[in-house]
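What follows is a short report on a single structure.
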Amino acid sequence: MNAPAPHGSPVSREAALRIAMAARALPGVEVAAFVRALGDRLGLPVTDQKLARMTVADLKTLLQGDEIVDPGVDGAALKSAVRFLWGEGLAEDAPTPAADCPPPEGMLTVAVASNTGEQLDGHFGSCTRFLVYRVSESGIWLAEVRSTLAADEAEDRNAARAALIADCQLAYVQSIGGPAAAKVVRAGVHPVKLPAGGAAREALARLQGTLRRPPPWLAKVLGREAATLAQFVPDEEEA
């Protein structure tokens, strides 16, 4: 599906993804403003080939000239954004869902905020995708990889992201703001913060280990009677 560029000029799906990912790498940047600035600088249509010629110096000049971000924006963020504009690191590390993933009935469905591989390394409001797992006492399966790109085109991004994972019982994130957490809860999903992040499957293995005698917060999610508090040593920080 093609995304419209400013003034109705077409942008390829690949170019649109590059621009959206670059914008996310830069603090305080709105995708629409970034697209307009790129269009003004590179000329329309904005193509993959034009994006591939962007340099860190070009990007810094563009951002400062259009007052999109603070002139003192971190150099590492600029480099990361330029790599996205070049098309690097977009989907090469996207994990593959399990071919033998069982149906969700009788299992926990857990969304994990992720930017890299099967890592829990994302903020709810800025992660590039949600890894959706099914978890039972006997196994952990990656069911889906859901991009957040379309959700970020919505007027209320956090509400759209919450809707994206509304079929999950839990959402594991490195961080989430209060207003966003409220929208996640309204969608019927329980947010769990793990600021240290790490391998998604390691976090889920800890969760899996509590399913036989779940702690109070998880028992509530599961609709079960809770184990005693004395038997619960928390691994996670609830939102």
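Values quoted throughout were computed directly from the atomic coordinates according to the rules given, and no laboratory measurement underlies them. Since the model is a prediction, treat every value here as computed from it, not as a measurement. Ideal geometry is used to build each Cβ from the backbone, glycine not excepted, and the neighbour counts take in all protein chains shown.
Using θ = phi - 60° in the Karplus curve 6.51 cos²θ - 1.76 cosθ + 1.60, the 3J(HN,Hα) couplings for the stretch 148-157 round to 9, 4, 5, 4, 6, 8, 6, 5, 10, 4 Hz; x is entered for Gly and Pro. Counted by neighbouring Cβ atoms within 10 Å, the residues His190, His123 run from fewest to most as His123, His190.
Footprinting exposure proxy ranking of Cys127, Cys168, fewest other C-beta atoms within 10 angstrom first, gives Cys127, Cys168.
With the gyration tensor restricted to C-alpha atoms of the stretch 108-238, the semi-axes of the equivalent ellipsoid amount to 24, 16, 13 Å, longest first. Could you tally the net charge around Ala15, taking each other residue with its Cβ under 11 Å from the Cβ of Ala15, Lys/Arg +1 and Asp/Glu -1? Once all neighbours under 11 Å are counted, the net charge is +1. Each distinct pair of alpha carbons in the stretch 82-149 adds a 1/r term; the inverse of their mean, the Kirkwood radius, is 12.8 Å. Sorted ascending by nearby beta carbons within 10 Å, beginning with the fewest, Thr128, Thr210 become Thr210, Thr128.
Between the alpha-carbon centres of the stretch 123-140 and the stretch 31-53 there is a gap of 33 Å.
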